[in-house]
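Working notes for the structure below.
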Amino acid sequence: MKHRVALVVLFLLPALWGAGTLVGALTASEKVECPGENVGEDGEERPGPMRPGDTQCSVLDGSVAVATRTYEQQRSVESLQRRRDATNGCLLLLYGTAGTLLTWRAAKPARDDA
């Protein structure tokens, strides 16, 4: 009995993690956020989400710029990340749910119909 509970808990953890990841991906904001310094059309840095026409988003690693992206590139990166999160969340939820159900079903005592 203790082993069944332990296995069910071990399968429920990825299911819950997957559900959280999936909900996070589905409810993510559509605003395009620059993870570093955002440079507008006028060449000036400005805070807040990127807007169409923004020319450069410096992606920072600490205080060092490692890449630059335009508005469209950053929007594509964020869209891809949301799709990856949704896929991973679905897979974890499916794995956890299937494992929980199989463990619960396999550990049930056999009925004696005699």
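The values are calculated or read from the model by the stated rules, or taken from the named source; none is laboratory data. Predicted model, so just to flag it, every value in this text is computed and none were measured. Every residue, glycine as well, gets a Cβ built from its backbone with ideal geometry; the counts of neighbours run over all protein chains shown. SASA here: full protein model, heavy atoms, side chains in, ligands and nucleic acids out. Shrake-Rupley method; radii C 1.70, N 1.55, O 1.52, S 1.80 Å.
Brief remarks follow.
- In the context of the full protein assembly, Asp61 retains an accessible surface of approximately 110 Å², using a probe radius of 1.4 Å and ignoring ligands and nucleic acids.
- Rounded accessible area of Thr68 (nearest 10 Å², 1.4 Å probe): 80 Å²
- Segment 57-98: Rg to Rh, with Rh as the Kirkwood radius over Cα pairs: 1.24
- Those Cys residues of the chain for which no other cysteine Cβ falls under 4.7 Å: Cys90
- List Asp42, Asp85, ordered by accessible area with a 1.4 Å probe, largest first: Asp42, Asp85
- Rounded to the nearest 20, the Cβ-based charge dipole of segment 1-98 about its Cα centre (Lys and Arg +1, Asp and Glu -1) stands at 900 debye.
- Extension gain from Leu13 to Val77, taking 0.36 nm per residue of separation minus the Cα-Cα distance: 20.2 nm
- Three principal axis lengths of the chain [C-alpha, angstrom, descending]: 84, 25, 17
- The length gained on full extension between Glu41 and Leu101, counted as 0.36 nm times the residue separation minus their Cα-Cα distance, comes to 16.1 nm.
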